[in-house]
1. Can you name the residue in the range 1-28 that is farther than 14 Å from residue 58 by Cβ and not aliphatic (A, V, I, L, M) and, of all such residues, is modelled with the lowest pLDDT?
2. State the number of residues belonging to the range 6-17 that are surrounded by 14 or more Cβ atoms within 10 Å (Cβ to Cβ) and without any contact (Cβ under 8 Å) to a residue 40 or more places away in the chain.
3. Given the structure, is residue 42 touching a Phe, Trp or Tyr at 6+ places or on another chain (Cβ under 9 Å) and assigned to a helix (DSSP H, G or I)?
4. Can you tell me which of (1) of a type in the set (Gly, Ala, Ser); (2) over 17 Å from residue 65 (Cα atoms); (3) surrounded by 15 or more Cβ atoms within 10 Å (Cβ to Cβ) is the one residue 43 doesn't meet?
5. Given (1) exposed (fewer than 14 other Cβ atoms within 10 Å of the Cβ); (2) modelled with pLDDT of 55 or more; (3) touching a Pro at 6+ places or on another chain (Cβ under 9 Å); (4) closer than 21 Å to residue 27 by Cα, identify the lone condition not met by residue 69.
Amino acid sequence: MNTRILPLTEAHVERLHQVLDEVAREKRYLAMLQAPPREQTVAFFRDSLRQGNPHVVALLDDEVVGWCDVLPVFGEAPGATSAPWASAWCVARATRAWARP
């Protein structure tokens, strides 16, 4: 198995929608139960790339299996940190074993 972490590029965006949907359907790591429509997801990642937000993808044998994004946080929630950015790793269940230490 060849695993790599790379900056998100336009070439990864379409597959990223599928991975987002896989992780969302696990009903464990995200606040959504399925990915938004493909067009909306693709537009979100493309817009985020244009804004220069940091994104990386996890590749397993050249296939996108996960991602991490660092996005600005808007609003104030009680007990939340004062950090202006939030990030999270999400990896599809089928390939999660390689991500464990």
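The values are calculated or read from the model by the stated rules, or taken from the named source; none is laboratory data. The structure presented is a predicted model; accordingly, all values stated were derived computationally and were not measured. Here the Cβ positions follow ideal geometry from the backbone for every residue, glycine too, while neighbour counts run over all protein chains shown.
1. 28
2. Within the range 6-17, residues that are surrounded by 14 or more Cβ atoms within 10 Å (Cβ to Cβ) and without any contact (Cβ under 8 Å) to a residue 40 or more places away in the chain number 2.
3. Spelling it out, it is not the case that residue 42 is touching a Phe, Trp or Tyr at 6+ places or on another chain (Cβ under 9 Å) and assigned to a helix (DSSP H, G or I).
4. Every listed condition holds for residue 43 apart from (3).
5. Result: residue 69 fails condition (1) only.
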